[in-house]
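Some notes on the structure that comes next.
No lab work stands behind these numbers, since they all come straight from the coordinates. Predicted model only: the values in this text are computed from it and were never measured. Ideal geometry is used to build each Cβ from the backbone, glycine not excepted, and the neighbour counts take in all protein chains shown.
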Amino acid sequence: MEKFTIVQSKAIPLAIENIDTDQIIPARFLKATDRQGFGNNVFRDWRFDKEGALNVGFVLNDDKYSGEILITGHNFGCGSSREHAAWAIGDYGFKVVVSSFFADIFKGNALNNGLLPVEVSPAFLKQLLTSVTNAPDSEIRVNLAAQTITLLSTGTSESFEINSYKKTCLLHGYDDIDYLLNQEEKIEEFEKQNC
Amino acid sequence: MGKTLFDKVWDKHVVDSIPGGPQILYIDKHLIHEVTSPQAFNELKKRNISLFRPEQVVATADHNTPTVNQHLPIKDVLSRNQLAQLTKNCAENNIELYGLGHENNGIIHVIAPELGITQPGMTLVCGDSHTSTHGAFGSIAFGIGTSQVAQVFASQCLLLDKPRSMRISVNGKLKNGVLPKDVALYVIAKLGTDAGTGHFIEFAGDVFENMTMEGRMTVCNMSIEMGARGGMIAPDNTTYTYVKGRDFAPKEASFDKKVAEWERLKTDVDAVFDREYTFDATDIEPMITYGTNPGMGIKISESIPTENNTSFEKSLAYMGFKKGESLVGKEVNYVFIGSCTNSRIEDFRVAANYVKGKQKAANINAWLVPGSQRVAKQIKAEGLESIFIEAGFELRQPGCSACLAMNEDKIPEGEYCVSTSNRNFEGRQGQGAKTLLASPLVAAATAIEGKIIDITKQLN
């Protein structure tokens, strides 16, 4: 996994609540057997109409907006456990997703793929969405080590929570398999006692 | 302070705790399917590590399989490739696979319980959010992402923070025609799709105590739809009777020994939950959803609520409904009875009982998709097949089918479908399809009438 330190970028405001993983990556695109290329179909049915024509009204298709940070509404990533959702968002080029609330499985999947879910207060989320919508060139800085997210145009900042173990993993580019593989003796001992 | 059912099962599976970090949780059973496993197998290969405990993994093909002509080669190249990959991966790693055509094949959350693989007190995971289903047995069961599938392959363990606990109690007598699905949809409509996030739910009270295992599975299945990782119900005689004698259940003396262990799993009377909710069973009525998440549900006799909020309005616009209107009388052309939520024998009995001697409406396409080969066999054995065929329903072969429309079973654009599945997200059943979630009884009644009816009027 790539190391994650600081992301400073413009952002894309997607002010919809309860965005489920079927919207992020529809099931018909889950037939692949590798992890690459899902970004082409991220938010597929919002980005394109049924004939494949660009839906110009959708924020990801609006040239005004770009960046490595996606700002979204409450309860982002609810629904299916498909990790393809995190792969698709990452593959499209996002490094951070900001919301006031994330669904559990999505959050875990994102962290396991070096995509940082940043949970902010509803008030700060509203401020970020408004600022970015009105001034698309506004930059946001996410500092993982300091656990802060800052709207650079105003200097307004908020700190965010992250599990200290996961933070260490992201900062160093470790993943859970590396850790678990080193625990084999303990696991075998547990099996002897319990299974 | 006493322990909850969840605490007891969780604590027994903790291998170690990382100071200030997650715990290492041992996983007893790992269920896999064709869609979320290939990348995990690739990960093992890439790192040159072998599967740690292949005998604790069980595989099926369900998400991406056709529900007609399963004996023929699959037409769609990508689907065929994904299934071939599963077969190859299972063979290379000595994993038991109940593939397409096998007598044990079916939806993973239907076959594991019916084979006796799912048992009380276990930890069980699968790369599928509806793994919560297995909590009906008093096991800790939850959906995981593909990176975690690879972790369990590599170590039979996961690194997890212990979730918080929630108890949802429903007491009283359910009204006639109110099914477990209605109880689930009612609770989600009351609490919202994010209420359970970060929590494991225990469903308690006499409504769940009096439910069959099939009903309990429906309820626990839907706990993910309120954001919870899983739901659980304390094991009791209903559970033991269901498990006893199944293929992988403990036999004879060892079964009795297990029952004695399982008896101790119940939540202690002095245990404290982080959150508690209580509902009155007599307030629950047959439910239906009107929006694009499972929390947007109403009693069929009620009208769509009036909310001024962009996301709510976007949802109604997609569904083609107006604030404040009733769904009764709306024409519907598709009915789907199936999915890991409602595709067990009991669900088909309920539907057949209503349908018997009636004819589906001319405008209706009614798809019945059993959860497994065994359920399909049982439908025949009990004479339900002829009831459905005579009524003009289409009985298909087992699989996930139109619940997520990965295969050919797609609801056409713009069409409404009354569905016994678990998610009414935009496009879930096919691009532009509009899903209304309901119980098998409401689905069957819709198929007969060709429109949504207030079933409560027939029941009272």
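Details
- Neighbouring partner chain Cβ atoms per residue of B:136-148, average, 10 Å criterion: 5
- Computed from backbone phi, the HN-Hα couplings of region A:133-150 come to 4, 7, 10, x, 7, 4, 9, 10, 10, 10, 10, 5, 4, 8, 6, 10, 10, 10 Hz, rounded to whole numbers (Karplus: 6.51 cos²θ - 1.76 cosθ + 1.60, θ = phi - 60°; Gly and Pro given as x).
- Cβ crowding within 10 Å ranks B:Thr341, B:Thr87 as B:Thr87, B:Thr341, fewest other Cβ atoms first.
- Here the sum of -39500 (n - 2.57) over DSSP H runs of 4 or more residues, divided by the residues of the protein assembly as shown, equals -9000 deg cm²/dmol at 222 nm, to the nearest 500.
- Neighbourhood charge, 12 Å Cβ-Cβ cut-off, centred on B:Asn309 and excluding it, Lys, Arg +1 and Asp, Glu -1: -1
- Across B:Lys8/B:Lys181; B:Lys358/B:Lys451; A:Lys107/B:Lys29; B:Lys360/B:Lys451; B:Lys358/B:Lys410, pairs whose alpha-carbon gap is larger than 18 Å: B:Lys8/B:Lys181; A:Lys107/B:Lys29; B:Lys358/B:Lys410
- Dipole of the protein assembly as shown computed with +1 at Lys/Arg Cβ and -1 at Asp/Glu Cβ about the Cα centre; of B:Ser315, B:Phe41, B:Phe336, farthest Cα towards the positive end is B:Phe336.
- For B:Val58, the residues 5 or more places off, or on other chains, whose built amide H falls under 5 Å of its own are B:His30, B:Leu31, B:Ile32.
- Whole-Hz couplings from phi, Karplus 6.51/-1.76/1.60, listed for region B:252-265; x for Gly and Pro: 6, 4, 5, 5, 4, 5, 5, 4, 4, 5, 5, 4, 7, 7
- Amide H to amide H distances under 5 Å link B:Glu325 with B:Ile304, where only residues 5 or more positions off or on other chains count and H is placed in the peptide plane.
- Residues A:Ile162, B:Ile144, ranked from the fewest to the most other C-beta atoms within 10 Å, line up as A:Ile162, B:Ile144.
- Cα gyration tensor, the protein assembly as shown - rounded (a/c under 1.5), prolate or oblate: rounded
- For region A:1-106, a/c is less than 1.5, where a ≥ b ≥ c are the root eigenvalues of the C-alpha gyration tensor. That puts it in the rounded class.
- Three-way shape call for region B:17-144 based on the alpha-carbon gyration tensor, with the a/c threshold at 1.5: oblate
- The mean count of C-beta atoms from other chains within 10 Å of the C-beta of residues in A:94-107, rounded to a whole number, is 3.
- Between amide H atoms placed 1.01 Å from N, distances below 5 Å from B:Gly143 occur with B:Thr131, B:Ser132, all of them 5 or more places distant or on a separate chain.
- Neighbour counts of C-beta atoms inside 10 Å place B:Cys400, B:Cys157, B:Cys90 in the sequence B:Cys90, B:Cys157, B:Cys400, starting with the fewest.
- For region B:200-214, backbone phi angles converted through the Karplus equation (6.51, -1.76, 1.60; θ = phi - 60°) give residue-by-residue couplings of 10, 9, 9, 8, 9, x, 5, 4, 7, 4, 8, 7, 6, 5, 4 Hz, Gly and Pro being listed as x.
- Along principal axes, Cα extents of chain A, largest first, whole Å: 60, 43, 25
- Take the Kirkwood radius over Cα pairs of region B:150-273, plug it into Stokes-Einstein at 20 °C and 1.002 mPa s, and you get 132 µm²/s for translational diffusion.
- Normalised by the number of residues in region B:313-439, the average gap of Cα pairs under 8 Å and 6 or more apart makes the relative contact order 27 percent.
- Proximal aspartates and glutamates to A:Lys31, defined as alpha-carbon separation beneath 12 angstrom and excluding residues fewer than eight positions away on the same chain: B:Glu34, B:Asp76
- Here is the list for region A:7-106: GluC sites (Glu not before Pro) lying in DSSP coil, each with at most 11 other C-beta atoms within 10 angstrom of its C-beta, are A:Glu51.
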